[in-house]
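Everything below concerns the one structure shown next.
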Amino acid sequence: MKHLLTLLCCTLLLTGCLEEECTDVVTYTAYHPVVLTAAEWRSDDFSTTVPQQVCDPSAFYVYGDILFVLDRNAGLHLIDNSDNAAPRPLKFMNIPGGVGLAVRNNILYVNQYIDLLAFDLSDPANPEFLSRTKDVFDPYTDFAANLHGTGDVTVAYTEGTETMQVDCNSPFYGRGWMMEDGIFFTADRQNLDFAMAAAGAAGGSSEQVGTGGSLARFTINRGTLYAVDESSLRTFSLANPTEPEFMGITRMPWGIETIFPYKNMLFMGANNGMHIYGIDNPLQPEYLSTFAHVLSCDPVVVQNDIAYVTMWGGADCGNRGDQLSVIDVSDPRDPRALQEIPMSNSHGLGVDGDHLFLCSGPEGLKVYDLTDDGRLGAEVHQATDFPAKDVIVLPARRELIVLGWEQAGIRQYDYDDTGRPAYAADISICN
Amino acid sequence: MPLLLLVCFTLLLPPSLTAQQRPTTDGPSDPPARNWYHQLGGSVGWARNGNNDFGPAVALGIGAYYHHLRQFGGLVAGAGMGFELMNADREERLASLTALAEYQLGKRALRPLLRLSGGVALPVGSPGQSLDSRRAGALLHPSVGLLLLPPSGQWGAMVLDLGYRFTRVDFAAADNRGGSFEREVSYRRLTLGIATRF
């Protein structure tokens, strides 16, 4: 009898007669994707001419008197920064998808998702579109995180209320958000922000080109444009500056974050170390060495054969503490640690002679002395009034342009012989 | 099929378990000399409830019931109430009002029975689930079972039953995200019950 009952129970359990039905009618905040088709974003129409307010700055770059600010998923602001106490908007270029930029000889190079664009900046108030080099970056990387396989891209979400039926037994139900038919449903906007979190930083510096921050993903060195995503270095020949030519990909370990040019080398900041590549042949970067460290987020800058690497261990960066490393790279095939200084909150950084400017997030901007041999000395100044993420140092003008965390905007400082920063102006952001 | 199994099982019982061989005064399996009975029982119910990582998920519920019954020869009819925890994860509980009709086969001390119970069920909420609104739904519960009578003149019979309990209810409640939902749920349970009748 017991076996018969067991058999009967199993039989019934395998049938649909015992399948419970539970349906909830729920009201969600629904976010419908705003999709730009490949044809739309490749229309080569960048003509939104009226200067607009910066809303979500993700990267910045300086060329001459022009400050470029990339607005995430919107476009590029050109700002006349000849007087850093009174920056004046010049132009807004409608380039959604821009993540990295660099300028050389009056030609601006900026990515648009997976394409590379070139503009003539002879008249900065009216940049002239020169060329589009298609499909030179990969989708799903830092350059095109929201690009679909079809080439369409999600640029924003519109918010609305929607009632829908949900199976109470769905494993996705009750998690606070769910995705169905491309629509993101959530009770909390923060869930969408988390899901959409897209990386983006830009900059770069060298030779007769402009200057970027330490979180750059673009740089120009020896007449060649380099761009890094999470796992590769892409090389573009600028032999014909109006039409950059994609030369190839150098595969790298996962976790590449920044690129910095120094002499005939490229220094890549990665989340597990600093990689050095030689560019004696600019079109064929040669791996020289890696200075390995614990998992962390770390930009790198170099001066006088000394590399300064910040290693931030917060959030997604390994949670392994925080420090600034000073590394002797006089022999780029054998970098040697000179100092490892514990820090509390280190991010982007820049150097000018005997001063190092360190962005410390909510602790603001810190200024350290550098000794004659390049080691880190005492902290001599701190500007605590602005949450600093990255900095462009302009030694010739003794100016600092500081990119703020989140939507803090951009703050500019002058600095004196001692490195003391003095407030100059803010570039505020829209509400 | 289950009924056939139970009938066959009963007919194959050894004589020592049948009432005819017992020394009785009122007859082999006669109930006490009254027509009204109380029945108090409980049941466990199983159902498939979607899938988890390891295959079909199972929902388990328990319930307790009381019925007031009247015997009409081989027929029994009555009404009663119950309380059920239908889904512990979702904290769903029901109260029910049911009518019951039962047909007993034979006169033995251990006799098969067929039963149909039906009525209405009402969500009652729980400490973790405050209901905004609710609506009573239908309940239907056919089952087969065995009635085990005590020696004649003694107190309390035992009933075992195997059934299929269908209940459908609607209710609205607040969720844990500050919103609310309206739920329609159809419980389909294989039940195993035990009760005492006195």
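Could we say that residue A:113 is outside the structural domain of residue A:211 (by TED's automatic domain parsing) and modelled with pLDDT of 95 or more here?
No.
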Answer residue from region B:59-86, given it is crowded, with 20+ Cβ neighbours inside 10 Å and within 16 Å of residue B:191 (Cα to Cα) and is nearest to the other protein chains (Cβ to nearest Cβ) among those
B:59
In region A:83-114, the residues that are more than 14 Å from residue A:46 (Cα to Cα), assigned to a strand (DSSP E or B) and among the charged types (D, E, K, R)
A:88, A:104
Failed condition for residue A:296, given (1) in contact with a strand residue (DSSP E or B) (Cβ under 8 Å, 6 or more places away or on another chain); (2) at pLDDT below 80; (3) open to solvent by 30 Å² or more (accessible area, probe 1.4 Å); (4) of a type outside the set (A, V, I, L, M), with all others met?
(3)
Residues of region B:140-183 being part of a strand (DSSP E or B) and over 23 Å from the mean Cα position of the chain (by Cα), which ones?
B:171, B:172, B:173, B:174, B:180, B:181, B:182, B:183
State all residues of region A:130-156 that are touching an Asp or Glu at 6+ places or on another chain (Cβ under 6 Å), more than 18 Å from residue A:224 (Cβ to Cβ) and in a strand (DSSP E or B); if no residue qualifies, say none.
A:132
Enumeration of residues in region A:351-377 that are open to solvent by 40 Å² or more (accessible area, probe 1.4 Å) and assigned to a strand (DSSP E or B)
A:369
Of all residues in region A:30-62, which are more than 30 Å from residue A:161 (Cβ to Cβ) and more than 19 Å from the chain's Cα centre (by Cα)?
A:38, A:39, A:42, A:43, A:44, A:45, A:46, A:47, A:48, A:49, A:50, A:51
Residue pairs, Cβ under 6 Å, 6 or more apart or interchain, first in region A:149-168 and assigned by TED's automatic domain parsing to the domain that holds residue A:137 and among the acidic types (Asp, Glu), second assigned to a strand (DSSP E or B) and open to solvent by 50 Å² or more (accessible area, probe 1.4 Å). List them.
A:152/A:35
Output the residues belonging to region A:330-361 that are touching an Asp or Glu at 6+ places or on another chain (Cβ under 7 Å) and basic (Lys, Arg).
A:336
Go through region A:304-345 residue by residue and tally those that are at pLDDT 85 or above and part of a loop (DSSP other than H, G, I, E, B).
10
Residues of region A:1-59 satisfying the condition of being touching a helix residue (DSSP H, G or I) at 6+ places or on another chain (Cβ under 6 Å), modelled with pLDDT of 75 or more and facing chain B (nearest Cβ under 9 Å):
A:18
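Residues are listed down the side, and each one gets a yes or a no for (1) in a strand (DSSP E or B); (2) modelled with pLDDT of 90 or more:
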site: A:241; (1), (2): no, yes
site: A:246; (1), (2): yes, yes
site: A:257; (1), (2): yes, no
site: A:268; (1), (2): yes, yes
site: A:277; (1), (2): yes, yes
Residue pairs qualifying under the 8 Å Cβ cut-off, at least six apart or on distinct chains, with the first in region A:273-287 being open to solvent by less than 30 Å² (accessible area, probe 1.4 Å) and the second being in a loop (DSSP other than H, G, I, E, B) and among the aliphatic types (A, V, I, L, M), are A:275/A:252; A:276/A:329; A:285/A:279
Quick one: residue B:118 ticks every box in (1) within 14 Å of another protein chain (Cβ to nearest Cβ); (2) open to solvent by less than 50 Å² (accessible area, probe 1.4 Å); (3) without any contact (Cβ under 8 Å) to a residue 24 or more places away in the chain bar one, so which box is it?
(1)
Within region A:223-232, how many residues are in contact with a Lys or Arg (Cβ under 8 Å, 6 or more places away or on another chain) and part of a strand (DSSP E or B)?
5
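The values are calculated or read from the model by the stated rules, or taken from the named source; none is laboratory data. Model, not experiment: these values are computed from the prediction. All Cβ positions, glycine included, derive from the backbone under ideal geometry; neighbour counts span all protein chains shown. Only protein heavy atoms, including side chains, enter the accessible area calculation; ligands, DNA and RNA are left aside. Shrake-Rupley method; radii C 1.70, N 1.55, O 1.52, S 1.80 Å.
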